[in-house]
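Undergrad: Pasting a structure below so you can have a look.
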Amino acid sequence: MRNIPKSEPINLNKIDFGDDFVWGVSTAAYQTEGAYVKDNKGMSIWDDFTAKPKTIFAGHHGKVACDFYHRYREDILLMKSMHIKNFRFSISWPRLMPTGHGEVNRAGVDFYNRVIDFCLECGITPWVTLYHWDLPQTLEAKGGWANRDILGWFGDYTRFCAKYFGDRVKHWMVLNEPMVFTGAGYFLGVHAPGRKGLKSFLPAVHHATLCQALGGKILREEVKRSSIGTTFSCSQISPYSENKKDLIAAKKADTLLNRLFIEPTLGLGYPVENLNVLKRLERYQQPTDLKDMTFSFDFIGIQNYTREVVKHSYRVPYLRAKIVKASERNVPTTVMDWEVHPPSIYEMIAKFNAYSNIKKILITENGAAFEDKLKNGSVDDPKRVNYLQDYLKQVLKAKNEGLEVSGYFAWTFMDNFEWAEGYHSRFGLVYVDFTTQERIIKKSGKWFRAFLRP
């Protein structure tokens with residue numbers, strides 16, 4: 001990995017973003033909670049997937065993770081000490097409903113009530129994500145996202161969350177990055193549940209699209225004075241060259257990675273004109289689906305980390321395009337081999353602003369994994385400090401140019417289980433010793449704390 005050159009000093013000031021700009025941090029249930037079978041929690045697809053050999057870096061799993069289930073008070077107090085006023089976290093579907101539908105786990109309800117109540121007691125606003133990838137394994141056994149019955153299962157789960165938490169939670173996100181959990185989980189097989197091919201991917205895409213609208217509609221009915229959103233992964237896509245084939249490949253990649261889920265939600269339908277294979281989605285559609293998969297969200301969460309450079313490739317089926325690895329391009333990278341390219345977040349803000357019917361945009365994830373080392377009781381991570389400053393400078397540039405962007409949530413509050421990367425990739429503002437569960441605020445966390453200071 002190349003060293004990232006130190007950027008010019010940036011005099012960022014929170015006040016430059018405006019008094020109503022939302023600042024926060026994001027986490028996810030499976031990545032932090034642990035307690036994987038505690039208090040009658042059901043198994044999730046990630047519990048099952050991580051138990052299989054050679055699926056996760058070094059055989060890591062989320063059975064304990066950050067032990068947030070037992071340490072939530074300590075962690076929320078740490079947030080408070082860092083002047084973090086907004087906490088985005090997800091609810092574990094199998095912790096609430098061990099079999100996915102029907103049976104309710106009172107202990108799970110009590111846990112999230114405690115988290116929500118303590119956030120409010122500490123002056124921290126909870127932002128709840130309904131689905132951050134931990135589908136109950138019992139539902140996956142019935143087909144998971146590839147089974148249209150998931151509309152009923154997800155609808156019941158959403159109503160349940162609205163009923164039990166909607167009196168205090170007023171900020172909701174329906175799905176987290178549907179392109180990632182369908183693409184990596186149901187086409188490439190590198191994430192849970194480990195399925196591969198179009199036969200799983202296409203129905204999963206369509207049902208997730210329907211569920212994100214369905215979830216929004218249910219929340220709007222059930223939760224008074226609520227703000228309802230959903231989140232999308234997105235990356236700036238650049239062609240490898242000006243060669244016509246590379247330009248076409250880049251357009252296809254952009255269609256798949258950045259347009260597939262947002263456009264049908266906005267009433268534009270699937271972007272089939274730029275990616276012919278998406279026409280096969282028609283076989284899963286019923287007469288009212290085009291209408292049913294639209295919803296006017298109060299906000300859209302965009303989650304950007306990097307850009308991708310794409311070139312034509314005959315070897316890649318359907319897409320005829322492949323990503324050129326950052327490590328092959330002599331550019332600054334993170335330990336995930338993601339290019340450090342701050343303009344990408346500006347480009348994504350501009351791209352989503354181009355849709356006329358998006359009301360509000362929040363950055364709901366942005367951050368970077370570097371080789372953090374604990375030394376003499378502290379973690380010096382100047383690369384992450386530079387990353388956050390440089391990306392935030394681009395957010396401010398967008399805002400100053402009149403583009404809509406109303407908030408920023410850092411990924412992530414503390415080091416956690418980073419899916420297929422296990423505990424190898426550390427994104428946190430807070431260092432976690434996974435042996436002792438000690439929390440240590442990194443230099444980047446101290447910078448963020450100073451930045452957020454009232």
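The values are calculated or read from the model by the stated rules, or taken from the named source; none is laboratory data. Note that this is a predicted model, so its numbers are computed, not measured. Heads up, the Cβs are rebuilt from the backbone with ideal geometry, glycines too, and the neighbour counts pull from every protein chain shown. When the accessible area is computed, the model is the full protein with side chains, heavy atoms only, and any ligands, DNA or RNA have been set aside. Shrake-Rupley method; radii C 1.70, N 1.55, O 1.52, S 1.80 Å.
Undergrad: Fully extended, how many nm does the chain gain between I248 and K224 (0.36 nm per residue separation, minus their Cα-Cα distance)?
TA: Length gained between I248 and K224: 4.1 nm.
Undergrad: Next question. Restricting to the chain, compute how many DSSP beta bridges are antiparallel as a %, nearest 5.
TA: Percentage antiparallel, nearest 5: 30.
Undergrad: Hey, can you find the accessible area per residue of the stretch 280-437 for me, probe 1.4 Å, expressed in square angstrom?
TA: 42 Å²
Undergrad: Would you calculate, for the chain, the mean residue ellipticity at 222 nm contributed by helices, counting each DSSP H stretch of 4 or more residues as -39,500 (n - 2.57) and dividing by all residues, to the nearest 500?
TA: Details: 15 runs with 157 residues, N = 454.
Here the helix-only value at 222 nm equals -10500 deg cm²/dmol.
Undergrad: Can you compute the FRET efficiency between N113 and Y355 using 1/(1 + (r/R0)^6), with r the Cβ-Cβ distance and R0 = 45 Å? Round to the nearest 0.05.
TA: It comes out at approximately 0.80.
Undergrad: Another question, if that's okay. Calculate, axis by axis, the spread of Cα positions in the chain along the three principal axes, and write the results as whole Å, longest axis first.
TA: Projected onto the principal axes, the Cα atoms of the chain cover 58, 56, 46 Å.
Undergrad: Dipole magnitude of the stretch 220-274 about its Cα centre, charges +1 at Lys/Arg Cβ and -1 at Asp/Glu Cβ only, in debye to the nearest 20?
TA: 80 debye
Undergrad: Let me ask something else about it. Of the listed pairs K252/K322; K291/K359; K14/K360; K383/K442; K85/K163, which have alpha-carbon separations greater than 22 Å here?
TA: K85/K163
Undergrad: Using a 7 Å offset from Cα along Cα-Cβ at R148, what residues in the stretch 245-288 end up with backbone N under 12 Å from the label point?
TA: Those under the cut-off are 282-288.
Undergrad: OK, next. With each pseudo-label sitting 7 Å past Cα toward Cβ, what's the S327-E121 distance in nm, one decimal?
TA: That separation, rounded to one decimal, is 4.7 nm.
Undergrad: Which GluC sites (Glu not before Pro) does the stretch 310-388 hold that lie in a coil by DSSP with at most 14 other beta carbons within 10 Å?
TA: Answer in residue order: E371.
Undergrad: Here's something else I'd like to know. Per the 1.4 Å probe, what fraction of the accessible area of the chain, in percent, lies on carbon and sulfur atoms?
TA: 50 percent
Undergrad: Tell me which trypsin sites (Lys or Arg not before Pro) from the stretch 271-309 have a DSSP coil assignment and no more than 13 other beta carbons within 10 Å of their own.
TA: For trypsin sites (Lys or Arg not before Pro) across the stretch 271-309 that sit outside H, G, I, E and B with at most 13 neighbouring Cβ atoms in 10 Å, the list is empty.
Undergrad: What accessible area per residue, rounded to a whole number of Å², is obtained for the stretch 175-270 using a probe radius of 1.4 Å?
TA: Result: 35 Å² per residue.
Undergrad: Taking the alpha-carbon distance from K142 and a cut-off under 23 Å, which lysines remain once sequence neighbours fewer than 8 residues away in the same chain are dropped?
TA: K41, K52, K196, K199
Undergrad: To continue, here is another question. For the stretch 104-216, calculate the relative contact order in percent as a whole number, restricting contacts to Cα pairs under 8 Å that are 6 or more residues apart.
TA: For the stretch 104-216, the relative contact order is 30 percent.
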